[in-house]
Amino acid sequence: MNSKLSWGLRCLITGLVLLPLTCLGQSMTGGGGGAGAAGCSPAGSAGQLLSDNGSGGCTSNVTGTGVLTALGVAVGSAGAPVLFNGAGGTPSSLVLTNATGLPNSGLVAQTANTVLGALTTTSPSGLAVPSCSTAASALQWTSGTGFGCNSAITASAVPLSGITGLGTGVGTALGIAVGSAGGPVTFNGALGTPSSGTATNLTGLPIGGITGLGTGVATALAAAVTGSGSIVLATSPSLITPALGTPSAVDLLHGTDLPNSSVNGITLGTGTSVSLASPRQYYVCTGTCTVTPPVPVASNVYEFCVMNGDNVATVITMAAIGSSARYENTTRTAYGTAGTGTMVSGGAVGDKLCIVSLDSTHYLTTSFNGTWTTN
């Protein structure tokens, strides 16, 4: 067998396990078998890979420049091949047109207050961003120049006349102070005195906020309700089994069915001094006594009787009434002195005097016993 062919076969067999670089660039030729035997003569420089062309020959020039050199360098070292999913090291140059997933940490650190950009078609660079932190300044970008600070901004109020789309009267109302006539009403604010309004959905109106009520009506409306039915008005009301309590005044002129137990009876007292209680009372003197009746009133009739007790012979004095009131003498011919007049008995057993009020200034003598002096 030809020596070159033998070497080539050895390289091919060895290459099944590991292709040593010493086998690269070797030529295989036919030989030993007679004339016309096929052979392989690479057309190129040493240091190239050979591949079988399937016809007993070989094909050369299948590697690019530097490939054989790279294959001789350990993976992970400078100049070595880069494996799939392997580390790329620090390339001297790289085109990332189709690259994805680049992390922010992979970007080159920039100076504070800069952004990455390009003013022209050159490579991106860090562009400084000015402060512009005053109320009258704003960040401004100028094409081809970069960021600047516009400090000529003047903040001014927009006049209401410059606002469009407002409803009729809204602009005028917005120009009036809250709490003034015609001004806006704020939430939980005072309404003032509206010229008109519909209170259909209002709640919480206090009784004191209703005007035009009669005297005492607001107080009555704020009191707890008892019983049931409609409100009673002043003229000819119909009351159904009302409980009136203890009225301060009531006219029973046309009252009916008044039970006897409800009529005040005649009270009887004894002693030597008393102020009689209206409307009627009997008093028995147990010794010398002074009796003072109340001032009569025109709307009520008062009735009183005063007498000595059994076998008591002492003087009874009807004291001055006051308020221009006076007693009638026992002969029914005259009255005593208004306000200061008195009536005095003779001090005998059986002395008695019964009087009844005529009006607000006079007491009539209805019956008597003994001698009485009207002063």
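The values are calculated or read from the model by the stated rules, or taken from the named source; none is laboratory data. This is a predicted model, so every value here is computed, not measured. Every residue, glycine among them, receives a Cβ derived from its backbone with ideal geometry; neighbour counts consider all protein chains shown.
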Please go through region 84-141 and pick out each residue that is loosely packed, with under 11 Cβ neighbours inside 10 Å and of a type in the set (Val, Ile, Thr).
-> Thr90, Val95, Thr97, Thr100, Val108, Thr111, Thr120, Thr121, Thr122, Thr134
Hey, Gly148 hits all of (1) surrounded by 10 or more Cβ atoms within 10 Å (Cβ to Cβ); (2) more than 30 Å from Ser125 (Cβ to Cβ); (3) not hydrophobic (A, V, I, L, M, F, W, C) but one; which does it fall short on?
-> (2)
When region 321-331 is checked residue by residue, the ones that are under 19 Å from Asp351 (Cβ atoms) and buried (at least 16 other Cβ atoms within 10 Å of the Cβ) are Tyr327, Glu328, Asn329, Thr330
Looking only at residues in region 304-344 that are farther than 11 Å from Thr374 by Cβ and among the polar types (S, T, N, Q), which one is farthest from the chain's Cα centre (by Cα)?
-> Asn311
Got a sec? Which of Ala348, Ala313, Ala298, Ala334 is without any contact (Cβ under 8 Å) to a residue 60 or more places away in the chain, over 24 Å from Gly269 (Cα atoms), surrounded by fewer than 17 Cβ atoms within 10 Å (Cβ to Cβ) and not hydroxyl-bearing (Ser, Thr, Tyr)?
-> Ala334
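Here is a check on your reading of the model: is Ala249 over 30 Å from Val301 (Cβ atoms), small (Gly, Ala, Ser) and either modelled with pLDDT of 85 or more or over 38 Å from the mean Cα position of the chain (by Cα) (or both)?
Working: over 30 Å from Val301 (Cβ atoms): no; small (Gly, Ala, Ser): yes; either modelled with pLDDT of 85 or more or over 38 Å from the mean Cα position of the chain (by Cα) (or both): yes.
No, not satisfied.
Pick from Gly265, Gly269: which is over 27 Å from Gly227 (Cβ atoms) and modelled with pLDDT of 85 or more? Full working, then the answer.
Values: Gly265 fails: modelled with pLDDT of 85 or more.
Among Gly265, Gly269, only Gly269 is over 27 Å from Gly227 (Cβ atoms) and modelled with pLDDT of 85 or more.
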